[in-house]
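What follows is a short report on a single structure.
The values are calculated or read from the model by the stated rules, or taken from the named source; none is laboratory data. Given the structure is predicted, the values throughout are model-derived calculations rather than measurements. All Cβ positions, even for glycine, are placed from backbone atoms using ideal geometry, and neighbour counts span all protein chains on display.
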Amino acid sequence: MPKAKRERRERTDNYHLLQQWCRTPEQRLYEGIRPVVLFGIPPAERAQETGLAERSLGRAADAFDTHGIISLFRPTKAQREDHHRSLPVTMRQLIVDLKAEYANRRQ
(Lines give C-alpha, C1' and ligand atoms only; values in the text may rest on other atoms or scores of the structure.)
Protein backbone atom coordinates (compact mmCIF):
# COMPACT_ATOMS: atom_id res chain seq x y z
CA MET A 1 0.00 0.00 0.00
CA PRO A 2 1.48 3.41 -0.98
CA LYS A 3 2.33 5.91 1.71
CA ALA A 4 -0.21 8.73 2.18
CA LYS A 5 0.80 12.10 0.76
CA ARG A 6 -0.54 13.96 3.77
CA GLU A 7 -0.67 13.24 7.45
CA ARG A 8 -4.17 12.24 8.47
CA ARG A 9 -5.57 14.31 11.32
CA GLU A 10 -8.74 14.41 13.35
CA ARG A 11 -11.23 17.03 12.09
CA THR A 12 -11.48 20.10 14.29
CA ASP A 13 -12.85 23.62 14.44
CA ASN A 14 -10.17 24.68 16.93
CA TYR A 15 -8.80 27.79 15.23
CA HIS A 16 -5.47 27.82 17.06
CA LEU A 17 -4.80 24.20 16.18
CA LEU A 18 -5.74 24.80 12.55
CA GLN A 19 -3.32 27.73 12.38
CA GLN A 20 -0.45 25.38 13.20
CA TRP A 21 -1.38 23.15 10.27
CA CYS A 22 -1.89 25.92 7.69
CA ARG A 23 0.97 26.23 5.24
CA THR A 24 0.21 29.61 3.68
CA PRO A 25 -1.08 33.01 4.81
CA GLU A 26 -4.07 32.54 2.50
CA GLN A 27 -5.03 29.33 4.32
CA ARG A 28 -4.74 31.10 7.67
CA LEU A 29 -6.95 33.95 6.51
CA TYR A 30 -9.53 31.56 5.10
CA GLU A 31 -9.67 29.59 8.34
CA GLY A 32 -10.27 32.87 10.15
CA ILE A 33 -13.24 33.87 7.99
CA ARG A 34 -14.64 30.42 7.16
CA PRO A 35 -17.27 30.34 9.96
CA VAL A 36 -18.29 33.89 9.05
CA VAL A 37 -18.87 33.21 5.35
CA LEU A 38 -20.17 29.63 5.64
CA PHE A 39 -22.22 29.67 8.82
CA GLY A 40 -23.04 33.36 9.28
CA ILE A 41 -21.12 33.72 12.55
CA PRO A 42 -20.80 37.48 13.28
CA PRO A 43 -17.26 38.84 12.85
CA ALA A 44 -17.37 40.11 16.46
CA GLU A 45 -17.98 36.59 17.76
CA ARG A 46 -15.27 35.12 15.53
CA ALA A 47 -12.86 37.83 16.66
CA GLN A 48 -13.36 36.77 20.28
CA GLU A 49 -12.74 33.12 19.39
CA THR A 50 -9.57 33.79 17.38
CA GLY A 51 -8.04 36.96 18.76
CA LEU A 52 -8.12 38.51 15.28
CA ALA A 53 -9.41 42.04 14.68
CA GLU A 54 -13.16 42.21 14.17
CA ARG A 55 -12.94 44.82 11.41
CA SER A 56 -10.28 42.82 9.54
CA LEU A 57 -12.44 39.70 9.69
CA GLY A 58 -15.46 41.65 8.49
CA ARG A 59 -13.59 43.23 5.57
CA ALA A 60 -12.01 39.91 4.58
CA ALA A 61 -15.40 38.17 4.70
CA ASP A 62 -17.02 40.94 2.63
CA ALA A 63 -14.22 40.73 0.06
CA PHE A 64 -14.60 36.94 -0.04
CA ASP A 65 -18.35 37.28 -0.64
CA THR A 66 -17.73 39.78 -3.44
CA HIS A 67 -14.63 38.40 -5.18
CA GLY A 68 -14.39 34.80 -4.00
CA ILE A 69 -11.18 32.92 -3.25
CA ILE A 70 -9.00 35.39 -5.17
CA SER A 71 -9.64 37.95 -2.43
CA LEU A 72 -7.43 35.91 -0.09
CA PHE A 73 -4.34 36.43 -2.24
CA ARG A 74 -2.45 39.68 -1.74
CA PRO A 75 -0.08 41.01 -4.40
CA THR A 76 3.62 40.83 -3.56
CA LYS A 77 5.72 43.98 -3.20
CA ALA A 78 7.18 43.39 -6.67
CA GLN A 79 3.69 43.07 -8.13
CA ARG A 80 2.55 46.29 -6.43
CA GLU A 81 5.59 48.16 -7.74
CA ASP A 82 5.22 46.83 -11.27
CA HIS A 83 3.59 49.80 -12.99
CA HIS A 84 3.69 48.67 -16.61
CA ARG A 85 0.40 47.72 -18.15
CA SER A 86 -0.31 44.14 -18.98
CA LEU A 87 -3.03 42.62 -21.10
CA PRO A 88 -5.11 39.73 -19.80
CA VAL A 89 -3.83 36.30 -20.79
CA THR A 90 -6.75 35.68 -23.16
CA MET A 91 -6.08 38.93 -25.01
CA ARG A 92 -2.35 38.16 -25.33
CA GLN A 93 -3.15 34.69 -26.69
CA LEU A 94 -5.56 36.20 -29.22
CA ILE A 95 -2.81 38.53 -30.46
CA VAL A 96 -0.35 35.63 -30.78
CA ASP A 97 -2.93 33.57 -32.68
CA LEU A 98 -3.76 36.44 -35.04
CA LYS A 99 -0.09 37.08 -35.71
CA ALA A 100 0.47 33.40 -36.54
CA GLU A 101 -2.58 33.38 -38.82
CA TYR A 102 -1.32 36.52 -40.60
CA ALA A 103 2.15 34.98 -41.05
CA ASN A 104 0.60 31.81 -42.53
CA ARG A 105 -1.47 33.79 -45.03
CA ARG A 106 1.56 35.74 -46.23
CA GLN A 107 3.47 32.56 -47.12
Please indicate, with yes or no, whether at least one residue in region 93-100 is closer than 30 Å to L38 by Cα and either assigned to a helix (DSSP H, G or I) or in contact with a Phe, Trp or Tyr (Cβ under 9 Å, 6 or more places away or on another chain) (or both). no
Subset of region 66-99 (residues that are surrounded by 12 or more Cβ atoms within 10 Å (Cβ to Cβ), over 30 Å from L17 (Cα atoms) and hydroxyl-bearing (S, T, Y)): none
Single residue of T66, T50 found to be within 20 Å of T24 (Cα to Cα), modelled with pLDDT of 90 or more and out of contact with any Asp or Glu (no Cβ under 6 Å at 6 or more places or on another chain): T50
Flag for T50 being β-branched (V, I, T) and over 19 Å from the mean Cα position of the chain (by Cα): yes
Take the residues of region 61-107 that are farther than 30 Å from A44 by Cβ and polar (S, T, N, Q): which is nearest to the chain's Cα centre (by Cα)? T76
